[in-house]
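Contents: one structure, followed by commentary.
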Amino acid sequence: MDPIKIIIDGKEVTTVKGKTVIQAAAEVGVAIPHYCYHPKLSIAGNCRMCLVEIEKMPKLQIACNTQVAEGMNVLTQSPKVLAVRKAVLEFLLINHPVDCPICDQAGECWLQDYYMQHDRQESRFEVGKVHDRKRTIFGPHVVFDGERCIKCTRCVRFCQEITETGELAVVNRTDHSTIDLFPGATLDNPLSANVVDICPVGALTDRDFRFKVRVWYLQKTPSICPGCSTGCNISVETYQNRIARFKPRVNEAVNSHWLCDEGRYCFHDLAAGERLTTPMIRQEGGLVATTWEVALQAVVSGLASAKPSAGILSGRNTNEEAYLFAKLIRKISAEHALEVVYQERELTPVQKILMSPDRSPNFRGARDMGVSSNGGYEALLSKLVAGNFSGAYIVGEDVAATAQEPEKVRAALAKLAFLVVQDTRMTETAQLAHVVLPSTHFGEKDGTYTNRNGRVQKLNAAVIPPEGALQDSEIFAQLLGLAGEQDGYANPKEIFRSLAREIVSYQGLNFDSIGDQGIEVGAVVAGHHDR
Amino acid sequence: MEKILLRNIGTPESHTLAVYRSRGGYASWQKVAGNMKPEQLIEEVKASGLRGRGGAGFPTGMKWGFVPKDNPKPKYLVCNADESEPGTFKDRLLIEQDPHAIIEGTLIAAYAIQSHTAFIYIRGELAFGANRLDLAVEEAYQAGFIGKNIFGSGYDLELIVHRGAGAYICGEETALLSSLEGWRGWPKVKPPFPATHGLFGCPTVVNNVETLAALPWILDRGAAAYAGFGTEKSKGTKLFSVSGHVARPGVYELEMGYPLKKFLEEDCGGVPNGKKLKGVIPGGGSMPVLRPEEIEKVNLDYESVQAAGSLLGSGGIIVMDETTCMVQAAWNLARFFAHESCGQCSPCREGCHWMEKIFHKIEHGEGDKSDLDLILNISGNIMGNTICPFGDAAAMPAAAFIKKFRDEFEAHVAEKRCTVKSELA
């Protein structure tokens, strides 16, 4: 890569050959307005919003398709450039319905934003707008409004170039051009909802999210998708303490700009249902509410006497929780087996673009933390079914419902001398328990996940758990305390400090330096040590 | 003047191989294939001064020279027979009456860039011409002029005739290539240019029918003979399609630099029925209209027409007499461009129909004084800001009609009706 110097708005900028003007400008914080340009899609050059003036070139040039050259003098704010931006915005808006009050994109619409920044003129268009299809269903997750579409073709290119499924095309000509499905096609590929994210306007909206919340009321928390072990970086967007949507966050080391549909909508299942808000204990006639004190004491004594016992942890539990869980089971159960839930399925080539074959985002981290007895989850279930255990501690997973042979597992769980289930809801498994402990889901906790490739990434609590439920880590810490281990496990950061001392491959990692982009296990940089 | 392009037109059965050969056809091809080095051929055509006759007037030999020689990809030669420019029908005449001249020219050009697959992309509506081309290509194959090991030279070339599907934009070379690739007929963003990244991403040259049809004569008689015609910068001869209010409309071959006024008055017989001339579009519907006083000293070459404020373009000359309503004429052209814009880039997609709607309004007596400046402003916002030259092609005539016949537009607006005494009214 040869470094070259160019001038952008009078400032000298060093960049490298092969970059485009829009890229070189972005790197020094000069945002050139654009619609059709997307860093992960081919150059379309159709919106004309990124036209800039380049000295010695007679015409304005599109910054997205113009490669930098030594000494190039780029003007992004000249009178000519400002005038053409205004003109392009006018063209894009003349046939637009300007129905912002009822448009779901309002508040995150690039037409609104650029209009305020670059246009701000009254309409000169008085000759009748072109009408197009409204509320056209493109697929299970995506709905299309033809009148709001600016024909940037990002969605078409996404389906051609990223998923290579090609459901969408531009049809018709001139200002009757519009986006449509190929005859017989449905926009139902496993990544289909990404077209909503990349649509800069209100043409493509999310059928699940739309009309639920005005986007300016959303609180956005960076986190990790709990759908599988790819560990896609997401923004958990909430309103009134409920998760309203997931949006992908850019992380080139993991998911680039994308998020699969399964992951995007998985929060519905994970956060659905009536929450458990009090511990329960089995008495004659069934489970009854009890105090934490009674419940936790029952767990310690129950597990100590049930030999051998099985510890089963959800793949959605964090590293911090897994670390304490492994410590706890080892401490209170002399004979035990430990596993994290892990089941694989077949994936199609398009699914494989992002998805991993499991639904256990932190299976690798949990195993790193010692939640593994070398047999694997399925082997442990077989032993359970065979009656090899007399006690079990199951966390965050409805094992009885999700096992491949649910009846056998249910029967085996019913026969256990002692079963403790820690979950957010009264699941089938919990109904068989002797002690039920109300806990939290992925969206309510801070902590870390280690993805399939060994990247440690941070989960941040986006919503507040219901009163009465405790964080999994807090439950484990209290149980450890009852079992006689008084260590500093007050919060995930403290727990992480302990695990980073103890777990060899995590040595040197620091909770705060993981940041929003994560860090590879073993890729510790000098200075990150925190002892 | 000796005819170069129309040399065979008028001869009975001129479209057949037998007649074409009897008049010296394919001798140039035989001379070239296997006997000339491609570089030699390119130099010869450069020396002839031949420029692209599709409208842009780019030097043909230089265009061929841009094709990289060390590129390992296949190279393609495409004959652009998608003639659709309003007022232009010169290529159609050649396609229908002298298809072998086009084929021979295509073979020569393909050889120059060492292409082994060439295409003739013909406008979909020209069904008769496509049929004639198909038959002529078949004849040429059978005679061994196309195919494997042509004239024993070891040079192979396949030639495929492909019919378009009815879009004007496919005459723009990169839209043509998109269409030929099987995509929507959308112009490609440049750079890269077809010379390096053309058809299927391979080095490609697109030449117009008339350009290619001139090659057999140039190779037969020599570059100097061709360059002996025309002006210093516009060499040779060119076809002009004349339509509208002239006594003898049709296709004419003229030496470049021929005076426009003399041509219209003497060769074409002038404006008939004693009417006065009102305007002339010199280069096809996408070029600015000229007023009678503006054509006084115009010669039919690239430089002279440009100096007068228009462009020679395709050589489609549209003549309008005093009975023509310029508002209606402008609206008619605007309607064409509004219909044909491919819809890819914002200014052209939205602007062309916007202008058309305003012209429509004025024509129908609903115009406002401010509409005239609005159209000028819209056309200015389209000009130079689009992916391909279509935007300019729509913007230039719209602006020219208003600028040059503003009084007529203003009268339309003020009186809410047409003030021109039309024969049709």
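Bear in mind that the values in this text are calculations on the coordinates, not laboratory data. Please read all numbers here as calculations on a predicted model, not as lab measurements. Neighbour counts are summed over all protein chains in view; Cβ atoms, including those assigned to glycine, are modelled from backbone coordinates with ideal geometry.
General observations
- By the Cβ distance rule of under 4.7 Å, chain A has these cysteines without a partner: A:50, A:64, A:100, A:103, A:109, A:149, A:155, A:159, A:199, A:228, A:260, A:266.
- Mean per-residue shielding of peptide A:43-51 is 5, counting Cβ atoms of other chains within 10 Å of each Cβ.
- The ranking of A:408, B:75 by Cβ neighbour count inside 10 Å, starting from the fewest, reads A:408, B:75.
- Sorting B:339, B:162 from the fewest to the most surrounding beta carbons within 10 angstrom yields B:339, B:162.
- HN-Hα J in Hz across the stretch A:146-161 - Karplus 6.51, -1.76, 1.60, θ = phi - 60°, x for Gly and Pro: x, 6, 8, 6, 9, 6, 6, 6, 4, 5, 5, 5, 4, 6, 7, 9
- Listed by chain and number, the aspartates and glutamates whose alpha-carbon sits under 18 Å from that of residue A:408, ignoring those within fewer than 8 places in the same chain, are A:378, A:397, A:398, A:428.
- Assigned charges on the beta-carbon of Lys, Arg, Asp, Glu; the stretch A:229-334 dipole about Cα centre (debye): 220 debye
- Tail weight of P(r) past 30 Å, computed on alpha-carbon pairs of the stretch B:17-227, percent: 13 percent
- Stretch gain in nm, segment residue A:131-residue A:292, where the contour uses 0.36 nm per residue and the Cα spacing is subtracted: 51.7 nm
- Relative contact order (%) - criterion: Cα under 8 Å, at least six apart; region: the stretch B:326-415: 36 percent
- With both residues required to sit in the protein assembly as shown, DSSP beta bridges show an antiparallel share near 60%.
- Sites residue A:99 and residue A:277, calculated FRET efficiency, Cβ-Cβ separation with R0 41 Å, nearest 0.05: 0.45
- Relative contact order (percent, whole number), the stretch A:3-77, Cα cutoff 8 Å, 6+ residue spacing: 41 percent
- Quick note on the protein assembly as shown: its Rg to Rh ratio, both from C-alpha atoms and Rh being the Kirkwood radius, is 1.12.
- Residue with peak Gaussian network fluctuation, chain B [Cα springs, cutoff 10 Å], from B:56, B:214, B:400: B:56
- When the Cα convex hull of the stretch A:3-77 is projected onto planes of every orientation, the mean area is 4.6 nm².
- Residue-averaged 222 nm ellipticity for chain B, from DSSP H runs of 4+ at -39500 (n - 2.57), nearest 500: -12000 deg cm²/dmol
- Quarter the surface of the alpha carbon convex hull of the stretch A:222-271 and you get the mean projected area, 3.1 square nanometres.
- Shown in residue order for the stretch A:346-360 are the 3J(HN,Hα) couplings computed by the Karplus curve 6.51 cos²θ - 1.76 cosθ + 1.60 at θ = phi - 60°: 6, 10, 7, x, 5, 4, 5, 3, 10, 7, 9, x, 10, 10, 10 Hz (x for Gly and Pro).
- Across the stretch A:159-303, the convex hull enclosing all Cα atoms gives 202 Å³ per residue.
- Cα centre as origin, Lys/Arg/Asp/Glu Cβ charges: chain A dipole, Debye: 760 debye
- Rg to Rh quotient for the stretch A:394-512, alpha carbon positions, Kirkwood Rh: 1.01
- Per-residue shielding of B:381-388, expressed as the average number of other chain Cβ atoms within 10 Å of the residue Cβ, stands at 4.
- Every helix of 4 or more DSSP H residues in chain A counts as -39500 (n - 2.57), and over all residues that averages to -6500 deg cm²/dmol at 222 nm.
- Lysine pair count for the stretch A:5-61 with Cα-Cα distance under 20 Å and sequence separation of 8 or more or different chains is 9.
- Modelled spin-label separation between residue B:273 and residue B:243, with each label point placed 7 Å from Cα along the Cα-to-Cβ direction: 1.9 nm.
- Ordering A:412, A:513, A:478 by Cα displacement along the dipole of the stretch A:381-518 toward the positive end leaves A:412 in first place; charges were set at the Cβ atoms of Lys, Arg (+1) and Asp, Glu (-1).
- Alpha carbon convex hull of the stretch A:275-340, volume per residue in cubic angstrom: 115 Å³
- A simple rule links phi to the HN-Hα coupling: the Karplus curve 6.51 cos²θ - 1.76 cosθ + 1.60 with θ = phi - 60°, which for the stretch A:18-26 gives x, 7, 9, 4, 5, 6, 4, 5, 4 Hz, with x for Gly and Pro.
- Which of B:227, B:199, B:240, positive extreme of dipole for the stretch B:172-288 (C-beta unit charges): B:240
- Rg then Dmax, both in Å and based on the Cα atoms of the stretch B:237-321: 11.1, 32.
- Relative packing of B:260-267, A:182-189, which averages over residues the other C-beta atoms within 10 Å, highest first: B:260-267, A:182-189
- The DSSP beta bridges internal to chain A are antiparallel in roughly 70% of cases.
- Across chain B, C-alpha contacts under 8 Å between residues 6 or more apart give a mean separation that, scaled by the residue count, equals a relative contact order of 16 percent.
- Around the amide H of residue B:290, modelled in the peptide plane, lie the amide H atoms of B:280, B:281, all under 5 Å away and 5 or more residues distant in sequence or on another chain.
- Placing unit charges on the Cβ atoms only, positive for Lys and Arg and negative for Asp and Glu, gives the stretch B:326-415 a dipole magnitude near 240 debye about its Cα centre.
- Calculated over chain A, the projected area of the Cα convex hull averaged across directions stands at 28.5 nm².
- Sorted by Cβ density within 10 Å, fewest first, the residues B:254, B:176: B:254, B:176
- Less than 5 angstrom separates the built amide H of residue B:76 from those of B:204, B:205, all sequence-distant by 5 or more or on a different chain.
- For the stretch B:326-415, a Kirkwood radius taken over Cα pairs fed into Stokes-Einstein (4 °C, viscosity 1.567 mPa s) yields D = 103 µm²/s.
- DSSP-defined antiparallel bridges as percent of all bridges, chain B, nearest 5: 45 percent
- Dimensionless Rg over Rh [chain B; C-alpha; Kirkwood]: 0.99
- For residue A:313, the amide hydrogen comes within under 5 Å of the amide hydrogens of A:339, A:340, A:341, A:395, counting only partners 5 or more places away or on other chains and with H modelled in the peptide plane.
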